[in-house]
Amino acid sequence: PTLIYLSLLNIPHACPQIQNLLAEKVEQLMEWSSRRSVIRMNGDKFRRFVKAPPRNYSVVVMFTALQPQRQCSVCRQANEEYQVLANSWRYSSAFSNKLFFTIVDYDEGADVFQQLNMNSAPTFMHFPPKGKPKRADTFDLQRIGFAAEQLAKWIADRTDVHIRVFRPPNYSGTIALALLVSLVGGLLYLRRNNLEFIYNKTGWAMAALCVVFAMTSGQMWNHIRGPPYAHKNPQNGQVSYIHGSSQAQFVAESHIILLLNAAITMGMVLLNEAATSKGDVGKRRIICLVGLGLVVFFFSFLLSIFRSKYHGYPYR
């Protein structure tokens, strides 16, 4: 009973100390945030400001490997989106001390990676004000991608903090469109006396095929979701160009699918040419065999990719 009584006497003295410690931590984080939207942390800072109580704020941490010797192109791309999101929060009217964005680089905090049993980068985690992070507090980058808008939606689900993403002006699209219009206009002006090429069916067919290949290979999905180009396993260094899930893809994967579809289409065109042309029989036979080989080989390759992503194939 005496020990319990003495402990109760110490509680009022401990509360001001906890409040002072919390105020110091928040003040320090706010000072760092005023200098830079994303706070860089090593192992000691991570343990003090993210893991150790007391905390009344949420922390979003990006675990990454940005040093050139790591050769992590995905990390650099994800970091750009993360910076856009953090800047959008830092300079918004809703900015407060309830949410902070931090980053832990492997070369500056390898002990943190070991402490969390983390073996891949980049990884985004949310550390709530109270309790330990749950499974949903780890962002599903492989399925959703790392676009700033997707990260903002995930943060809103975990913290009820809604961030409107503001991207810096990008005039590359406008400049490219102006150059294209100028090029087409100049070409039409130079050929103004002979515009028969406009009615060239082959040219329009090739343009239509290019659009079809781009759309069927998943380029629009890449534009919306912003997936990484490929994935490098940090343990063995193996690079994966095909995503193992049917719910996601890499940019390199869409390029591979585009080339496979183009090769299959070329084979179909050759088969049609061999069947409809009236040239030498031997030449038509060679064209037929080449076209058949293209269709069989590349369509088999396409099916093997489909089988690797949809593990239940062939369906029975």
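The values are calculated or read from the model by the stated rules, or taken from the named source; none is laboratory data. Just so you know, these numbers come straight off a predicted model, no measurement behind them. Cβ coordinates were reconstructed from backbone atoms using ideal geometry, including for glycine residues, and neighbour counts include every protein chain displayed. Remember, those area values only see protein heavy atoms, side chains included, never the ligands or the DNA or RNA. Shrake-Rupley method; radii C 1.70, N 1.55, O 1.52, S 1.80 Å.
Cβ-Cβ under 9 Å, sequence separation 6+ or interchain: first residue in the stretch 300-316 and under 16 Å from S240 (Cβ atoms) and open to solvent by less than 90 Å² (accessible area, probe 1.4 Å), partner in a loop (DSSP other than H, G, I, E, B) and at pLDDT 85 or above. Which pairs?
Pairs that qualify, where the first residue is under 16 Å from S240 (Cβ atoms) and open to solvent by less than 90 Å² (accessible area, probe 1.4 Å) and the partner is in a loop (DSSP other than H, G, I, E, B) and at pLDDT 85 or above, are I305/I242; S308/I242; K309/I242.
Quick one: count up the residues across the stretch 63-83 that are within 20 Å of F46 (Cα to Cα), free of Cβ contacts under 8 Å to residues at least 60 places away in the same chain and in a helix (DSSP H, G or I).
3
For residues that are open to solvent by less than 50 Å² (accessible area, probe 1.4 Å) and either over 29 Å from V295 (Cα atoms) or not in a loop (DSSP other than H, G, I, E, B) (or both), tally how many sit in the stretch 234-255.
6
From the list R143, R164, which residue is within 20 Å of the chain's Cα centre (by Cα) and part of a helix (DSSP H, G or I)?
Exactly one residue qualifies, and that residue is R143.
Among the residues in the stretch 77-88, are any modelled with pLDDT of 90 or more, open to solvent by 60 Å² or more (accessible area, probe 1.4 Å) and of a type in the set (D, E)?
Yes; the residues of the stretch 77-88 include at least one that is modelled with pLDDT of 90 or more, open to solvent by 60 Å² or more (accessible area, probe 1.4 Å) and of a type in the set (D, E).
Is it the case that the stretch 230-250 has a residue that's over 25 Å from S304 (Cα atoms), touching a helix residue (DSSP H, G or I) at 6+ places or on another chain (Cβ under 9 Å) and either at pLDDT 90 or above or not aliphatic (A, V, I, L, M) (or both)? Write out each step before concluding.
Residues of the stretch 230-250 over 25 Å from S304 (Cα atoms): 234-235.
Among the residues that remain, those that are also touching a helix residue (DSSP H, G or I) at 6+ places or on another chain (Cβ under 9 Å) are: 234.
Keeping just the survivors that are either at pLDDT 90 or above or not aliphatic (A, V, I, L, M) (or both) gives 234.
Yes; the residues of the stretch 230-250 include at least one that is over 25 Å from S304 (Cα atoms), touching a helix residue (DSSP H, G or I) at 6+ places or on another chain (Cβ under 9 Å) and either at pLDDT 90 or above or not aliphatic (A, V, I, L, M) (or both).
Condition test on G267, is it on the phi > 0 side of the Ramachandran plot, free of Cβ contacts under 8 Å to residues at least 60 places away in the same chain and surrounded by 13 or more Cβ atoms within 10 Å (Cβ to Cβ)?
Criteria not met by G267.
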